[in-house]
Amino acid sequence: MIGVLVFPDFQLQDAAGPISVFEVAAIYAGVSPAIRILAATPGAVRSSSGVEVFAKGFGSARAITTLIVVGGENVPTAATCDRTLSFVRMMARRGVRVASVCTGAYVLAAAGLLDGRRATTHWWNTRHFVSAYPKVKLEPDQIYVQDGNIWSSAGVTAGIDLALAMAAEDFGEEIAKDTARRLVVYHRRSGGQSQFSQLLELKAPGGRFGPLLAWARELSRCATDGRRPSRAGRHEFAAFYARLRCRDPLYAVEGNRTIADRGGAPASAILR
């Protein structure tokens, strides 16, 4: 049985995506879908969209073999709820396959299930998550990650990718493929989270990354002509880089490097 753990103001798609996958996969496998929504306080649980779902209490989780913890606006409260954390830990000790969708990774991390493990979460939360849970081996560009019986996925619709991978483990690749076709989604999505993040602005010269594109073009011209970049260009890039370090969660700072320029020259060297 699949258990989906929700809390007030959860993200509805985080739950609905995996539920739909396991529903369709079970039908293709010739078995009845067995899915239960769980919450620390049973009854109607309101999502951030206003749509409510009916949840059972943790005492009804004996038959659960897979537990999926969703994310949402109120995840800080869920990640500090003793009943929720104790329940998640108990399920993991029982050998249950435990997974998170989006910021549900905060609940798994707060329960200690991600310490020393590979995991991922929504790209927007990368910087904060790394700071809050330094023991977790976060892989910020992954759509989903499996480390033993602990799974985690990126944001929102990535829960579908995670559930399809689980369905393939449970029922086989062919049923997972049939399920993906029925749901009209990719069986295996190509690329990582960065294709959906603020890095897309690199393709828009008029966007926030416009100064970086202009600076790169000037460097290219200077390399061809054998001259130094203009003082104005250097100052503009310095200001842009300072803003980027403060605002973009994908660009976690490591000294005077960022994740993006790791392995290359520090930005300070470019400005000399």
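The values are calculated or read from the model by the stated rules, or taken from the named source; none is laboratory data. Keep in mind that what you see is a predicted model, and the values were worked out from it rather than measured. We place every Cβ from the backbone using ideal geometry, glycine too, and count neighbours over all the protein chains shown. Note: accessible area is taken over every heavy atom of the protein model, side chains too, but ligands, DNA and RNA are not part of it. Shrake-Rupley method; radii C 1.70, N 1.55, O 1.52, S 1.80 Å.
This table checks each residue for (1) touching a residue at least 12 places away in the same chain (Cβ under 8 Å); (2) in a strand (DSSP E or B); (3) within 15 Å of P8 (Cα to Cα).
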{"residue": "R46", "(1), (2), (3)": "yes, yes, yes"}
{"residue": "I64", "(1), (2), (3)": "yes, no, no"}
{"residue": "V98", "(1), (2), (3)": "yes, yes, no"}
{"residue": "A105", "(1), (2), (3)": "yes, no, no"}
{"residue": "T121", "(1), (2), (3)": "yes, no, no"}
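Every condition in (1) within 16 Å of I19 (Cβ to Cβ); (2) in a helix (DSSP H, G or I); (3) modelled with pLDDT under 95; (4) of a type outside the set (S, T, Y) holds for L213 except the one numbered (1).
The number of residues in region 68-87 being open to solvent by 20 Å² or more (accessible area, probe 1.4 Å) and either among the aliphatic types (A, V, I, L, M) or in a helix (DSSP H, G or I) (or both) comes to 5. Checked across region 150-162, the condition of being farther than 30 Å from M90 by Cα, part of a helix (DSSP H, G or I) and in contact (Cβ under 8 Å) with a residue 40 or more places away in the chain holds for no residue. Within region 7-32, the set of residues being of a type in the set (D, E) and either buried (at least 24 other Cβ atoms within 10 Å of the Cβ) or on the phi > 0 side of the Ramachandran plot (or both) comprises D9, D14. Evaluating V130 against the criteria (1) open to solvent by 40 Å² or more (accessible area, probe 1.4 Å); (2) in contact with a Leu (Cβ under 7 Å, 6 or more places away or on another chain); (3) without any contact (Cβ under 8 Å) to a residue 60 or more places away in the chain leaves one unmet condition, (3). Screening S60 against (1) farther than 19 Å from A92 by Cα; (2) at pLDDT below 95 leaves a single unmet condition, (1).
As a summary of the residue check, V184 satisfies the conditions (1) closer than 14 Å to A79 by Cβ; (2) among the aliphatic types (A, V, I, L, M); (3) open to solvent by 10 Å² or more (accessible area, probe 1.4 Å) except for the one numbered (1). Going by what's in this entry, would V4 be described as free of Cβ contacts under 8 Å to residues at least 12 places away in the same chain and either surrounded by fewer than 15 Cβ atoms within 10 Å (Cβ to Cβ) or aliphatic (A, V, I, L, M) (or both)? Judged against the criteria, V4 is not a match. Can you name the residue in region 163-179 that is in contact (Cβ under 8 Å) with a residue 12 or more places away in the chain and aliphatic (A, V, I, L, M) and is also most open to solvent (accessible area, probe 1.4 Å) among such residues? Among residues in region 163-179 that are in contact (Cβ under 8 Å) with a residue 12 or more places away in the chain and aliphatic (A, V, I, L, M), the one most open to solvent (accessible area, probe 1.4 Å) is I175.
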